[in-house]
Amino acid sequence: MTAARSSLARSVAAHAILIAYTLIALFPVFVIVVNAFKARRDIFNTPLALPTPESFSLVGFETVTSQGNFLLYFQNSLIVTVVALACVLLFGAMAAFALSEYRFRGNTLMGLYLALGIMIPIRLGTVAILQIMVASGLVNTLTALILVYTAQGLPLAIFILSEFMRSVSDDLKNAGRVDGLSEYRIFFTLVLPLVRPALATVAVFTMIPIWNDLWFPLILAPAESTKTVTLGAQMFIGQFVTNWNAVLAALTLAIVPVLVLYLIFSRQLIRGITSGAVK
Amino acid sequence: MAAAAPDEHKPARRWHIAVFLAPAVLVYTAIMIIPLFSTLVQSLFGPEGGQRVFVGLRNFQTLFGDPRWAASFWNALWNNTWFFIIHMLVQNPVGVLLAAILSNPSLRLRGFYRTAIFVPTILSFVIVGFVWKLILSPLWGVAPNMLDAIGLKHLFAPWLGQEGAALTTLALVSVWQFVGIPMMLIYAALLSIPDEVIEAAEIDGVTGAKQFFKIQLPLILPTIGIISILTFVGNFNAFDLIYVSQGAQAGPNGATDILGTLLYRTFFGFQLQQGDPNMGAAIATMMFLIILVGVSIYLFGIQSRMRRYQF
């Protein structure tokens, strides 16, 4: 009886702590999104109330769509993220396959070399990266960002993927070799499909920092035509500081797509963190 | 190239290894390793008579000898250290607490809590910085009103504008954003502890908080180590949050200046000061050394001494 009561008390306490923290985590996002749909007066008078028919207003979004190039920024972010992600996954999987499948001289050394970038942030090379991009005429192009993010994402991708590729059965690959498949066919048709869950995990880990990065867009591609959403939102909000409707609307536009993607992929992401990353 | 070297004796048969490695090694070497080393080398050069010439350690002499440079460097380094200390003191304990509660298998709504608490982590610094700037703004009054509701209005102050409070406030905002990562990693580590260990503890009468501190906590120490070093590297490389909420000047009066913002200002210049790539490279080199020392202490001092339990 007392045991049951104490376990009930403990469960209530656990839920109380978790609900409290969930409120802390979600409240700021909630306040921003709710107020983006209100008229200026109501943003200040009743910041915590949901929009009502009287207070509802889209004036902020009108300012954003007429003054900012958010559609273009979205397009830029999407191109950069998707292309860099594809490069990281393809190149990373190929290198991971070479490291985990073949014994060759310098294998361990190559693995360590490629793993350096997990601990040393690429930002520290910014001075020289900018010079390289200036010299090759890539400043203010999306290519510059794609190259940098590919290099940034590769070390962790190779590290995680080679762990997974070691677990692919040798019998399967040897059977493929007996059947006369080339090493390339073995990689693309046998191994890659088997490590798809690992690829998904790596994809999520690679995508979030690319989409959210401010440093490299600010330094390598600050032109209007190559701004990413993160940089675009930062500059837009900087200009419209006093226009609360516009600022809240811009923030909402930046939050909602990421949030929707997260809710779709959260299971994948969480499974990835709880299985692969802890090794 | 290193990738092709192994093929020497049987070149015809093993070209595919080089082909598999080449794209990754090329991009990684050209965009990451070479610029990194080139940046380190450039910290030894400086302008003289309109040209960049080798000046040895002069940039570092300026950085540590010139009172203005030295003051801003030590200020940024100390602020950065404080930023890291706050993360270690708040982020890790909160992460451990949340993970410990979540790892209870009989808890309902686990998936919901996990998903919700992780939301801030996926948002960009730009969003996080502005969201908190608005909420803490005395103009809008969301934070003062909420404190008023629980009778603590007198505690409110425009924290982001106060020299004493701004850095700690921003560190807590950063903790708010990233607490999901330690929570998830520790949660995963707790789940990987086999049931037999827990059952054995229960049979011996070790339960509740005592069980957590005596059995689970020692088993997740390696994970806490990994989280600490990830936090260290992330913190000493931070820039975005400060830049977004306080600008490149890292106000008020440099109170929130960390190494990342100092590097940005030095490299690109601001207002009247000219940008200086060589001094920027010198600061990047110092950041590199700090991170290298931190990572080495972790790898050789902590990780190698920690016992890993294989189940």
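The values are calculated or read from the model by the stated rules, or taken from the named source; none is laboratory data. Computed from a predicted model, the values in this text were never measured in an experiment. Cβ atoms come from the backbone with ideal geometry, glycine included; neighbour counts cover every protein chain shown. Keep in mind that these areas ignore ligands, DNA and RNA; they rest on the heavy atoms of the full protein, side chains included. Shrake-Rupley method; radii C 1.70, N 1.55, O 1.52, S 1.80 Å.
Estimate for me the total accessible surface buried between chains A and B (protein heavy atoms, probe 1.4 Å, no ligands or nucleic acids), in Å² to the nearest 100.
Buried area between the two chains comes out at roughly 8000 Å².
Sort all Cα-Cα distances of the protein assembly as shown into consecutive 10 angstrom bins from zero, then give the percent of pairs in each bin up to the one containing the longest distance.
Here the calculated profile for the protein assembly as shown is 3, 15, 25, 26, 19, 9, 3, 0, 0.
Report the full-extension gain for the segment A:Leu78 to A:Leu194: residue separation times 0.36 nm, less the Cα-Cα distance, to one decimal in nm.
Length difference between fully extended and current span is 39.0 nm.
Calculate the spin-label point distance for B:Met88 paired with A:Asn140, positioning each point 7 Å from the Cα along the beta-carbon direction, and give it in nanometres.
Result for the modelled spin labels: 4.5 nm.
Reported to two decimal places, what Rg/Rh ratio describes chain A when computed on Cα atoms with Rh from the Kirkwood expression?
Looking at chain A, the ratio lands at 1.08.
For the range B:17-48 and the range B:99-136, what is the separation of their Cα centres, given in Å?
For the range B:17-48 versus the range B:99-136, the Cα centre distance is 37 Å.
Hey, can you list the residues from the range A:90-113 whose accessible area shrinks by 50 Å² or more with all protein chains present, relative to the chain by itself (probe 1.4 Å, no ligands or nucleic acids)?
At a threshold of 50 Å² (probe 1.4 Å), the residues of the range A:90-113 that become less exposed are A:Phe91, A:Met94, A:Tyr102, A:Phe104, A:Arg105, A:Met110, A:Tyr113.
Over all alpha-carbon pairs in the range B:81-152, figure out the percentage whose distance exceeds 17 Å.
The answer is 66 percent, as a whole percent.
At a 1.4 Å probe, what is the % contribution of carbon and sulfur to the accessible area of the protein assembly as shown?
The C+S portion of the solvent-accessible surface of the protein assembly as shown is 66 percent.
Residues of the range A:137-169 losing 30 Å² or more of accessible area relative to the isolated chain, 1.4 Å probe, heavy atoms only?
A:Leu147, A:Ala151, A:Leu154
Round to the nearest 10 and report in Å² the accessible area of A:Tyr184, as given by a 1.4 Å probe over the protein chains' heavy atoms.
About 90 Å², rounded to the nearest 10.
Could you tell me the accessible area of A:Leu181 in Å² (1.4 Å probe, neighbours in place), rounded to the nearest ten?
Only protein atoms counted, so the area is about 50 Å².
At 222 nm, what value in deg cm²/dmol follows for chain B if DSSP H runs of at least 4 each add -39500 (n - 2.57) and the sum is divided by all its residues, to the nearest 500?
Calculated at 222 nm, the ellipticity per residue is -18500 deg cm²/dmol.
Can you tell me the FRET efficiency between A:Arg103 and B:Arg108 if r is taken as the Cβ-Cβ distance and R0 is 51 Å, rounded to the nearest 0.05?
0.55
Percent of Cα-Cα pairs more than 32 Å apart in the range B:81-303, please.
Value for the range B:81-303: 32 percent of Cα pairs lie more than 32 Å apart.
Using 0.36 nm per residue, how much length does the chain from A:Val256 to A:Ser182 gain when fully extended, once their Cα-Cα distance is taken away?
22.1 nm
B:His154: accessible area at probe 1.4 Å, nearest 10 Å²?
Here the residue's solvent-accessible area equals roughly 140 Å².
Tell me which DSSP H helices of chain B clear both cut-offs, 24 Å or more of axial length from alpha-carbon atoms and a mean Kyte-Doolittle hydropathy of at least -0.5.
B:67-86, B:217-235, B:277-296
Going by amide H atoms built from the backbone, whose H comes under 5 Å of the H on B:Val55, apart from near neighbours?
Answer set, sorted by chain and number: B:Phe45, B:Gly46.
Expressed in nm to one decimal, what extension gain is obtained for the pair B:Ser137 and B:Leu217 from 0.36 nm per residue of sequence separation less their Cα-Cα distance?
That pair, B:Ser137 and B:Leu217, stretches by 24.9 nm at full extension.
For the pair A:Glu54/A:Leu8, report the inter-label distance in nm, with labels modelled 7 Å from Cα in the Cβ direction.
Placing both labels 7 Å beyond Cα along the Cβ direction yields 4.5 nm.
Indicate the helices, whole DSSP H runs only, in chain A that combine a mean Kyte-Doolittle hydropathy of -1.0 or more with a Cα extent along their long axis of 30 angstrom or more.
Passing helices, by number: A:2-36, A:70-101, A:142-165, A:244-275.
For a Förster distance of 25 Å, can you work out the FRET efficiency between the beta-carbons of B:Ala200 and A:Leu116, rounded to the nearest 0.05?
Once rounded, the FRET efficiency stands at 0.05.
What whole-number value in Å² describes the accessible area per residue of chain B for a 1.4 Å probe?
46
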